[in-house]
Amino acid sequence: MSTTPQYDAIVIGAGIAGMYQLYRLRELGLSVRVFEDGGDVGGTWYWNRYPGARFDSESYTYGYSWSKELLQEWNWKEHFSPQPDNMEYLSFVADKFDLRKDITFNARVSKATFDEAANCWEIETEKGERARARFLITAVGVLSATQMPRIPGVDKFKGISFHTSRWPKDEKGFGGKDIGMKGKRVGVIGTGATGVQLIQEAAKVAGQLTVFQLAPEFCAPLRNAPITDDEMAHIKATYPEIFKKCQESSAGFMHNFVMKSVFEVSDEEREAFFEYLYNRPGFEKWLGNFVDTMIDPKANALITEFMARKIRGRVNDPALAEKLIPKNHGFGMRRVPMDTNYYEVYNQDNVTLVDLRETPIETITEKGVKTSDKEHELDILIYATGFDAVTGSFTRIDISGVGGKKLTDKWADGPVTYLGMGGHDFPNFLTLVGPHNGATFCNIPRCIEQNVEWVSDLMKYMRDKKLTRIEPTIEAEN
Ligand code: NAP
């Protein structure tokens with residue numbers, strides 16, 4: 001150890017991962033500074049405050065599990081909690097554990113450089129602030145680098161326009177603000193999980209809502225409901241079982257596949273089970289189905305046909321229903337957006353679907369969206385076009401390791417990591433929910449806790465053994 005850095009660890013990001021990492025390292029008596037781009041804690045939930053944004057994991061499987069006191073103090077109001085409540089929860093956690101005092105807000109880290117002589121990292125923010133630490137821990141999220149579409153004229157539109165994850169704050173700073181959509185001509189580009197949540201809400205208030213759809217997803221009903229006092233008391237009493245169930249499931253949810261083939265039951269039994277699942281809340285219809293629906297194309301065809309039938313039953317116009325049914329993938333083969341009357345909005349007079357496979361967008365104009373057949377004039381244009389997922393939030397920071405090696409070069413042909421937790425040539429660099437880590441395809445907070453605890457154990461071990469540098473070997477990485 002040639003120099004003593006300012007901090008033991010710098011954490012980038014104060015979302016669910018960064019907040020917990022800060023707490024754990026502080027518990028170990030280590031000094032930590034967190035740098036956060038946003039104006040408050042919350043990460044994904046801070047930024048994604050569009051109307052309709054909510055969990056599609058059961059709320060009580062999404063919150064932190066590590067504080068019994070917190071579990072008993074916090075009351076979830078809905079089975080699938082909306083964004084303003086989620087921010088209230090994360091703010092409550094930040095207050096309770098006094099986290100904000102170690103977080104610098106409105107500080108976007110633009111550069112991180114490993115200092116080989118000192119075995120430490122130096123970061124620089126966009127505003128020029130610098131800090132040094134033994135460890136650099138990224139908690140930058142998998143879906144935080146916004147992706148605007150590469151359509152000509154995006155900067156030309158004269159009305160109100162932004163990406164869903166840059167929705168303006170409401171008075172409390174929490175979200176859900178309708179930005180004056182009432183009675184207006186609103187356009188939404190993108191129909192992934194975000195687009196679906198937003199479209200349902202926009203259809204309630206817009207004068208005219210135009211949805212620009214490239215390829216549809218298979219959506220399934222969320223079936224949200226308020227949590228009664230009795231239910232909340234029961235949830236509090238059974239938290240250990242709830243988390244055990246998540247821990248033992250394939251992806252951290254409280255659902256498990258039925259270890260049986262669709263072909264082991266009669267047609268009537270299968271139909272009855274699919275119907276039962278369709279009426280259940282959340283992802284159960286996806287992750288609690290017969291196991292072969294997700295691995296055997298013939299079994300998947302049965303649930304796909306069932307789901308297509310449901311869409312046909314919910315959309316009045318048969319031709320429109322066909323446009324909303326995916327033809328390029330089976331149910332559950334892509335992320336299933338959870339809906340609340342999504343398909344029904346297309347029965348409303350104020351909602352129009354533009355199928356971009358028939359009439360592609362040519363350009364964004366001053367007045368709206370020009371497709372191959374006409375110009376759609378709009379007052380508000382929302383981009384629900386997703387993210388530069390997983391690696392985008394890393395590659396947007398200039399990260400240099402041993403010998404000045406750039407992370408972007410190391411990952412030029414796709415990410416190369418050890419367990420998704422770091423990589424060769426990048427000593428003391430730990431990536432929570434990093435590329436390749438199972439946490440990216442999980443009920444994320446459940447896997448975040450595992451990642452944070454692994455990193456904390458590693459740092460404790462190094463401190464106890466008086467070690468100052470750790471780096472995966474190239475063999476381990478390969
Ligand atoms: P997404 O799934 O990537 O969807 C982006 C949408 O924009 C797609 O429909 C895409 O069409 C469309 N699109 C992209 N470029 C376009 C272009 N140039 N022209 C027209 N359409 C274009 O993004 P997302 O909906 O934001 O969801 C991302 C992830 O966030 C989800 O998978 C989920 O994991 C997470 N999420 C979670 C929640 C929750 O937990 N409650 C809510 C929302 C999102 P194509 O697919 O045809 O390319």
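Descriptive notes on the structure:
- Residue within the stretch 87-103 that is of a type in the set (S, T, N, Q) and under 27 Å from Met338 (Cβ atoms) present: yes
- Looking across the stretch 108-143, just one residue is without any contact (Cβ under 8 Å) to a residue 12 or more places away in the chain and acidic (Asp, Glu), and that is Glu122.
- All of (1) at pLDDT 95 or above; (2) assigned to a loop (DSSP other than H, G, I, E, B) hold for Ser2 with one exception: (1).
- Just one of the listed residues (Val433, Val455, Val402) is assigned by TED's automatic domain parsing to the domain that holds Gly18, out of contact with any Lys or Arg (no Cβ under 6 Å at 6 or more places or on another chain) and closer than 18 Å to Tyr7 by Cβ, namely Val455.
- Residue in the stretch 402-417 that is in a strand (DSSP E or B), in contact with a strand residue (DSSP E or B) (Cβ under 6 Å, 6 or more places away or on another chain) and farther than 25 Å from Ala215 by Cα present: yes
- Filter pass, Ala439 being among the small types (Gly, Ala, Ser) and under 30 Å from Leu287 (Cα atoms): yes
- Qualifying residue in the stretch 129-141 (condition: part of a loop (DSSP other than H, G, I, E, B), out of contact with any helix residue (DSSP H, G or I) (no Cβ under 9 Å at 6 or more places or on another chain) and at pLDDT 95 or above): yes
- Screening the stretch 372-387 for residues that are outside any loop (DSSP other than H, G, I, E, B) and within 19 Å of Thr191 (Cβ to Cβ) and picking the one that is nearest to the ligand (Cβ to nearest atom) gives Phe387.
- Strands (runs of 3 or more DSSP E) fully within the stretch 156-236 counting 1 or more residues that are within 13 Å of the ligand (Cβ to nearest atom), of a type outside the set (Asp, Glu) and closer than 13 Å to Tyr342 by Cβ: 185-189, 208-213
- Screening Ala133 on (1) surrounded by 19 or more Cβ atoms within 10 Å (Cβ to Cβ); (2) in the same structural domain as Ile199 (by TED's automatic domain parsing); (3) more than 16 Å from the ligand (Cβ to nearest atom) shows it passes everything except condition (2).
- Evaluated against (1) surrounded by fewer than 20 Cβ atoms within 10 Å (Cβ to Cβ); (2) out of contact with any Asp or Glu (no Cβ under 9 Å at 6 or more places or on another chain), Thr431 falls short on exactly one condition, (1).
- Some residue of the stretch 401-419 being in contact (Cβ under 8 Å) with a residue 60 or more places away in the chain, buried (at least 16 other Cβ atoms within 10 Å of the Cβ) and in contact with a Ser or Thr (Cβ under 6 Å, 6 or more places away or on another chain): no
The values are calculated or read from the model by the stated rules, or taken from the named source; none is laboratory data. Everything quoted here is computed from the prediction, not taken from an experiment. All Cβ positions, glycine included, derive from the backbone under ideal geometry; neighbour counts span all protein chains shown.
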